[in-house]
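Just so you know, all these numbers are worked out from the coordinates, no wet-lab data involved. Quick caveat, the model's predicted, so the values are computed rather than measured. Neighbour counts run over all protein chains shown; Cβ positions are idealised from the backbone, glycine included.
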Amino acid sequence: MCLGIPGKVIEAYRENDLLMGKIDFSGIRKGVCLEHVPQAQPGDYVLVHVGFALSILDAEEAGRVFDFLKEMNQLEELEVPPP
Amino acid sequence: MKYVDEYRNGDAARQLADAIARTVTRPWTIMEVCGGQTHTIVKYGIDRVLPPQVELVHGPGCPVCVTSLETIDRAHAIAALPEVTFCSFGDMLRVPGSRGDLLQLKAQGSDVRVIYSPLDAVNLAAANPTRQVVFFAIGFETTAPPNGMAVWTARKRRLTNFSVLVSHVLVPPMIEALLEAPDNRVQAILGPGHVCTVMGCGEYEPLARRYGVPIVVTGFELLDLLEGVLRTVQQLEAGRAEVENQYARAVRPEGNPASRQLIDDVFEVCDRKWRGIGLVPRSGFKLRSEYRDYDAERIFAVDNIQTQESSVCISGQVLKGLRKPHDCPAFGKQCTPQMPLGTTMVSAEGACAAYFAYGRHLETQPARRELALQNGKACD
């Protein structure tokens, strides 16, 4: 129920007078309501719950746990994909 | 998948697990609130790779599990009405009421529909003006903005055949009730990541202060849970009791102001009965009186609800973290996902379902202390 899945905003449009977005989930595209994240731009990633975007994912914060691991000085040999 | 795969890195997970082991000097009991967090813990065997002094207790953060039996029976009674098209999230369909479930009603000819988004129910109502479309609006605060928007937009579109059966539950009052209980053993909490994307973290400050428990708002992936536990034990070992935000890529301290405004416009706080736990004051949302024309509980006067729970099921104790699924004599025997006795086995987020899904009912001896990884990569 509290499933929140990250998806990429492709484009915004209006439907039944609501702000919607075409969101890409690794190739699957769904219409998602963007009313509560109106500032989301194409290319942004949003957290989607039951067809609603609740939050825009912050790329800088997303990398923070990997900075912490780097500080632990053991990350050099890992292949961590860039966020 | 971006923002998912990188949080399942096995080597990073081992490093975090090692850091936890180096930090811990004495026993601690930590509760994760959300069913989704429980699933990740069981899936990767996080509870088994942590040092033995750290005990993870599974919280009642499964809205399907805690929807009261009266509400379930009322939903079934409404769904059985011939003029009603009853719409629900999929995971509610097999929740056992006193007599059967929604899926059985559908098999008997009732018009029960599974929907992904509450807006789907609104569109169904607009497209079928001769049907009474009722949407089963359950969930925590995370689902309140989507459910609220459905009602709000139905009113804006002047639909007269749409209504919602509301049974929202709120996390902070539930945490308070658990921490107040005389048999409480929980010393710290992994807070609800997606609830906090909506509500922010502020509601948890008074709880951390009043009860002296660290509350680390945590995400749902492997690295999120491990980092959440690490930050929690760091606080516990240092004698601190603060609110921290591990899930900062999704959670802002103030939450989502537009969502919170919509919640205020549509809902108000009320007392709520939690299945297996009992009445928790001011722990739910109901529709404001301005939206009474959309309130299915008012529109469909279904009386004589007489509830009957299974005498064997210990869901209530599992939800409060007092028992684990394998403590139940029926677990994996009379009670399975195919034939659930109670909500914690039926729900995708229930602790019993999690334990069963990852084979805990098959074990005869404790598993090796290793993360459930293959070739250094976390399994899907």
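For A:Phe52, the residues whose amide H sits under 5 Å from its own are A:Cys33, ignoring neighbours fewer than 5 places away on the same chain, with H placed 1.01 Å from N.
Its alpha carbons considered, segment B:117-256 gives a radius of gyration followed by a Dmax of 18.9, 63 Å. Projected onto their three principal axes, the Cα atoms of the protein assembly as shown cover extents of 65, 53, 43 Å, largest first. Bridge orientation summary for the protein assembly as shown: considering DSSP beta bridges with both residues in this region, about 50 percent are antiparallel. Computed from phi, the 3J(HN,Hα) profile of segment B:8-25 under the Karplus parametrisation 6.51, -1.76, 1.60 (θ = phi - 60°) reads 10, 5, x, 5, 4, 4, 4, 4, 5, 4, 5, 4, 5, 4, 6, 7, 7, 10 Hz, with x in place of Gly and Pro. When chain B is treated as a GNM with alpha-carbon contacts under 10 Å, the residue of B:Pro27, B:Pro118, B:Pro145 showing the greatest mean-square fluctuation is B:Pro27. Radius of gyration (Cα atoms) of segment B:210-320, expressed as a multiple of 2.2 N^0.38 Å: 1.49.
The C-alpha atoms of chain B define a longest principal axis, and helix B:144-156 lies at about 20 degrees to it. Loop-located trypsin sites (Lys or Arg not before Pro) in segment B:283-353 (DSSP state not H, G, I, E or B) with no more than 12 neighbouring Cβ atoms inside 10 Å: B:Lys333.
The Cα center of segment B:161-227 and the Cα center of segment B:15-34 differ in position by 18 Å.
All Cα-Cα separations within segment A:20-77 were binned at 10 Å from zero, giving a P(r) of 22, 39, 21, 17, 2, each value a whole percent of the pairs.
Compared with the dominant principal axis of the Cα atoms in chain B, helix B:69-79 is inclined by about 40°. Using just the helices of chain B, give the 222 nm mean residue ellipticity in deg cm²/dmol: DSSP H runs with n ≥ 4 each add -39,500 (n - 2.57), and the total is spread over all residues, rounded to 500. Theoretical 222 nm ellipticity from helices: -10500 deg cm²/dmol.
State the antiparallel share, in %, of DSSP beta bridges confined to chain B, rounding to the nearest 5. Restricted to chain B, the bridges split so that about 30 percent are antiparallel.
Overall, the ratio between the Cα radius of gyration of segment B:1-115 and 2.2 N^0.38 Å, rounded to two decimals, is 1.54. Counting charges near B:Gln108 (Lys, Arg +1; Asp, Glu -1) among other residues having Cβ under 14 Å from its Cβ returns a value of 0. A cut-off of 5 Å between modelled amide H atoms, ignoring neighbours fewer than 5 places along the same chain, links B:Ile115 with B:Ser88, B:Phe89, B:Gly90. Remark: for residue pairs B:Lys2/B:Lys43; A:Lys30/B:Lys106; A:Lys8/B:Lys286; B:Lys2/B:Lys333, the C-alpha separation exceeds 29 Å in A:Lys8/B:Lys286; B:Lys2/B:Lys333.
Across q = 0.14, 0.16 Å⁻¹, segment B:42-165 modelled as identical point scatterers on its alpha-carbon atoms has Debye log10 I(q)/I(0) values of -0.64, -0.78, in the order of the q list. Extents of chain B, taken as max minus min of Cα coordinates on every principal axis and listed largest first, are 64, 46, 44 Å. Over all other residues within a Cβ to Cβ distance under 9 Å of B:Val171, the charged ones net out to -2, with Lys and Arg as +1 and Asp and Glu as -1.
If you line up the long axis of helix B:171-180 against the longest principal axis of chain B, both from Cα atoms, how many degrees apart are they, to the nearest 10? The two axes meet at around 60 degrees.
Among the chymotrypsin sites (Phe, Trp or Tyr not before Pro) within segment B:75-124, those in coil by DSSP and having at most 12 neighbouring Cβ atoms inside 10 Å are B:Tyr116.
On a per residue basis, the convex hull of the C-alpha atoms belonging to segment B:298-361 measures out at 120 Å³.
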